[in-house]
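The values are calculated or read from the model by the stated rules, or taken from the named source; none is laboratory data. Being a predicted model, the structure only gives us computed values, none of them experimental. Ideal geometry is used to build each Cβ from the backbone, glycine not excepted, and the neighbour counts take in all protein chains shown.
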Amino acid sequence: MRAPSAAELLDIWERGLQQPPTERMLALLGAAHPGSSPGELAGLPIGRRDALLLELRELLLGPDLTMVASCPGCGEPLESTLRTADLRVSPAIAHQEHQAIEVEGYRVSFRLPASSDLTALATAMDRDSACRMLLGRCLLDVHGGNGETVDPHALSPRVVAAIAAQMSAADPQADMQINLACPSCKHAWQAAFDIARFLWKEIHAWARLTLRDVHGLAHAYGWREADILALSPTRRQIYLELARQ
């Protein structure tokens, strides 16, 4: 993995303003893994993708993350500091892409959902339609007790729920839950942590600040954007401080 340059990140951010979330993350990973094809990255299980995003976040911004949440009990805002290492799941678990489950007389084999599936689900009209579409894309085969092939759409809700639970258990990195406790009312709960959403918010904030710095230096010295972005963050900051004197 390589860290994209400031100029690359700004280009990805600008294009990403008009893209759905999944496409933004694939663009980031494409810049960080130039040797991987878009199809390979889009086919990674969500948990594997998110593990790579955690690695990229650490490379770009360091290992410490600050998460802000509101207590569901009293509404008190809560700030929690996490480390990327605390959010990683063992690769031995997360990399088991193909799974099988036997439930209510059926033997079902499936693969784990990937970014390409999320892109397809963007056209689904409601949650039920999205679930049926995801199931249809991820099931590899379904056999009954006599070995006969079964139409996936004929599976009962209980069987579908069991498959969904197995998918979640097989790819825990894809559904990270953070344990939180309110110091005011002592209420404890779990909050979902989505590294894709979190990282994009950070990149959005970074891009706005970086463009402000570019504007300041271009105004003060007449430098081109490319030359300013080629400077290290430390040098940019020093030049900005000198320009304000």
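Data overview
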{"read-out": "Test: residue in segment 213-234 that is more than 23 Å from residue 65 (Cα to Cα), charged (D, E, K, R) and assigned to a loop (DSSP other than H, G, I, E, B)", "value": "yes"}
{"read-out": "Candidates 27, 31, filtered to the one that is over 17 Å from residue 193 (Cβ atoms), at pLDDT 95 or above and touching a Gly at 6+ places or on another chain (Cβ under 9 Å)", "value": "27"}
{"read-out": "Hey, residue 125 modelled with pLDDT under 90 and not in a helix (DSSP H, G or I) or not", "value": "yes"}
{"read-out": "Criterion: over 22 Å from the mean Cα position of the chain (by Cα), among the small types (Gly, Ala, Ser), over 30 Å from residue 79 (Cα atoms) and surrounded by 14 or more Cβ atoms within 10 Å (Cβ to Cβ) - qualifying residue of 222, 216, 145, 136", "value": "216"}
{"read-out": "Number of positions in segment 65-81 that are in a strand (DSSP E or B) and either out of contact with any Pro (no Cβ under 9 Å at 6 or more places or on another chain) or surrounded by fewer than 14 Cβ atoms within 10 Å (Cβ to Cβ) (or both)", "value": "9"}
{"read-out": "Condition check for residue 130: at pLDDT below 90 and surrounded by 15 or more Cβ atoms within 10 Å (Cβ to Cβ)", "value": "yes"}
{"read-out": "Cβ pairs under 6 Å, 6+ apart, first in segment 166-190 and free of Cβ contacts under 8 Å to residues at least 40 places away in the same chain, second surrounded by 12 or more Cβ atoms within 10 Å (Cβ to Cβ) and in a strand (DSSP E or B)", "value": "188/181"}
{"read-out": "Helices (runs of 4 or more DSSP H) within segment 1-46 that include 2 or more residues without any contact (Cβ under 8 Å) to a residue 12 or more places away in the chain, surrounded by fewer than 19 Cβ atoms within 10 Å (Cβ to Cβ) and touching a Lys or Arg at 6+ places or on another chain (Cβ under 8 Å)", "value": "none"}
{"read-out": "Filter result for residue 118 (within 20 Å of residue 46 (Cα to Cα), outside any helix (DSSP H, G or I) and in contact (Cβ under 8 Å) with a residue 24 or more places away in the chain)", "value": "no"}
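Conditions tested, residue by residue: (1) modelled with pLDDT of 90 or more; (2) in contact with a Gly (Cβ under 9 Å, 6 or more places away or on another chain); (3) within 18 Å of residue 79 (Cβ to Cβ).
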{"position": "162", "(1), (2), (3)": "yes, no, no"}
{"position": "169", "(1), (2), (3)": "no, no, no"}
{"position": "173", "(1), (2), (3)": "yes, yes, no"}
{"position": "183", "(1), (2), (3)": "yes, no, yes"}
